[in-house]
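See below for the structure under consideration.
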Amino acid sequence: MTTNPPARRGVALTLAAALAVLSACGSAGSTTGPARETSAPAPATAAPTTYPLTIENCGRKLTFDKAPSRVLLLNGASVAEVESFIALGIQDRIAANSQSYGVSDDPSLVAKVKAVPTGGLTLNDNFEVPREQVLALKPDLVISTWAGGFDDKTGSITRDQLTRAGITSYVTPANCGNGDPGASPADQQRYRDQSVESSSELLLQLGRIFDVQQRAADLVNGTRADIDKIAQSVKGKPRKNVLVVYPGMSMMNSNGLPAVFAGGIFDDIVARAGGVNSFAGKTNAELAEINVEALASAQVDLLVVGVYQESEKADVLAQELFTKFPQWGASKSKKYTSVSDSVYLGPLNALAVKKIADAAHGNP
């Protein structure tokens with residue numbers, strides 16, 4: 001990171017920080033199964049934004065008299081929001097960004113994220129910006145990747161405190177139900193049912209807020225077309241069992257094993273690539289309790305290794321897992337691919353679908 005998050009310096013994460021990592025990645029337990037059938041969304045359209053613009057966000061009405069020009073991005077465990085701003089060409093509206101991984105499935109994004117101002121922020125142990133720094137920055141919009149980012153228990157600032165200071169706050173829509181016990185049933189359901197369309201929702205709403213609706217529509221329609229083309233190419237082929245793990249996020253488990261990503265958007269991406277997530281539909285709590293026996297007995301035709309830090313080497317991590325779990329089909333065939341940020345909420349989901357489809361089905 002461009003700030004100084006403790007995990008990137010080898011310091012153990014607190015529980016709250018681990019939850020922030022999981023939240024930022026867009027994980028949400030799902031009970032709807034690995035391959036939800038949904039009708040194709042209508043093509044995204046664009047029209048100039050008329051201000052004042054009023055939208056609903058996590059049960060709150062937000063009114064924008066003009067496009068914000070001093071945005072603060074919270075949650076150093078996420079890159080969804082900063083990469084969405086860059087994809088929309090509105091990174092010049094960011095006064096301070098606390099989000100960065102230093103790796104990306106789009107290599108050009110690494111330098112672009114590093115070029116976004118950080119405002120001299122110093123994150124606390126929960127990857128959050130302390131409230132004093134938030135207020136001192138004088139932003140006109142503060143964005144959190146999850147509702148819990150505005151919980152003062154994490155050492156940040158609440159939405160009500162921001163409102164009293166005349167500052168608008170915003171939560172990425174798919175995560176309104178994450179970290180807020182009082183979230184509406186609809187927001188809780190939206191959180192559980194995250195998919196690649198949750199990334200589209202974020203892009204389209206940012207497009208409205210910042211009056212770049214055409215860029216947002218073009219991005220969303222292009223991504224949908226790319227993913228549909230891949231999905232059509234694997235249609236009818238036997239579905240492969242796909243295990244998605246992030247060894248560098250082992251702090252999210254109670255036993256130090258690699259973090260297993262399933263449910264929500266992860267199941268959706270794997271399904272669109274012609275696979276079935278080996279732990280499809282599991283909740284965050286269930287994933288955190290996966291033990292060695294459960295991993296060993298999992299059906300794994302393809303291993304997807306997540307890279308979270310610049311120092312990690314996917315081939316080394318894959319071989320370590322193949323050695324530890326030789327019974328996997330993937331261990332015998334040495335079948336694996338790697339991803340970093342494209343499986344999370346954000347503008348790069350098509351890259352994850354392509355990587356997994358290519359590795360699972362040998363697509364050109």
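Within segment 196-236, which residues are open to solvent by 50 Å² or more (accessible area, probe 1.4 Å) and either among the small types (Gly, Ala, Ser) or outside any helix (DSSP H, G or I) (or both)?
Across segment 196-236, the qualifying residues are ASP211, ALA225, SER233, LYS235, GLY236.
Residues being hydroxyl-bearing (Ser, Thr, Tyr) and farther than 24 Å from ASN175 by Cα: count how many of those fall in segment 234-277.
Selection size over segment 234-277: 0.
Tell me which residues, restricted to segment 276-309, are closer than 27 Å to GLU197 by Cα, more than 20 Å from the chain's Cα centre (by Cα) and not in a loop (DSSP other than H, G, I, E, B).
Residue satisfying the conditions is LEU302 alone.
Inside segment 172-227, can you point out the residues that are charged (D, E, K, R) and closer than 26 Å to ARG93 by Cα?
Result: GLU197, GLU201, ARG208, ASP211, ARG215, ASP218.
When residues of segment 323-364 are filtered for being in a helix (DSSP H, G or I) and within 18 Å of GLY275 (Cβ to Cβ), how many remain?
Number satisfying all stated conditions: 18.
Taking the condition small (Gly, Ala, Ser), in contact with a strand residue (DSSP E or B) (Cβ under 9 Å, 6 or more places away or on another chain), open to solvent by less than 20 Å² (accessible area, probe 1.4 Å) and at pLDDT 95 or above, does ALA96 pass?
Criteria met by ALA96.
Please go through segment 240-275 and give me each residue that is over 27 Å from ALA225 (Cα atoms), more than 18 Å from the chain's Cα centre (by Cα) and either among the small types (Gly, Ala, Ser) or not in a loop (DSSP other than H, G, I, E, B) (or both), ordered by number.
Scanning segment 240-275 gives SER254, GLY256.
Being within 19 Å of GLY248 (Cβ to Cβ) and touching a residue at least 12 places away in the same chain (Cβ under 8 Å): is that true of ASP125 here?
yes
Go through segment 178-195 and give me each residue that's closer than 26 Å to ALA273 by Cβ and open to solvent by 10 Å² or more (accessible area, probe 1.4 Å).
ASN178, GLN189, ARG190, TYR191, ARG192, ASP193, SER195
I need a count of the residues in segment 311-364 that are open to solvent by 10 Å² or more (accessible area, probe 1.4 Å) and either under 14 Å from the mean Cα position of the chain (by Cα) or within 30 Å of LEU88 (Cα to Cα) (or both).
Result for segment 311-364: 15.
Of the conditions (1) in contact with a Phe, Trp or Tyr (Cβ under 6 Å, 6 or more places away or on another chain); (2) surrounded by fewer than 21 Cβ atoms within 10 Å (Cβ to Cβ), SER144 fails just one. Which one is it?
(2)
Can you tell me which residue within segment 149-185, out of those that are more than 20 Å from the chain's Cα centre (by Cα) and farther than 24 Å from LYS138 by Cβ, is modelled with the lowest pLDDT?
LYS153
The values are calculated or read from the model by the stated rules, or taken from the named source; none is laboratory data. Please read all numbers here as calculations on a predicted model, not as lab measurements. Methodologically, a virtual Cβ is constructed for each residue, glycine included, from the backbone with ideal geometry; neighbour enumeration extends over all protein chains shown. Surface areas here come from the heavy atoms of the whole protein model, side chains and all, with no ligands, DNA or RNA. Shrake-Rupley method; radii C 1.70, N 1.55, O 1.52, S 1.80 Å.
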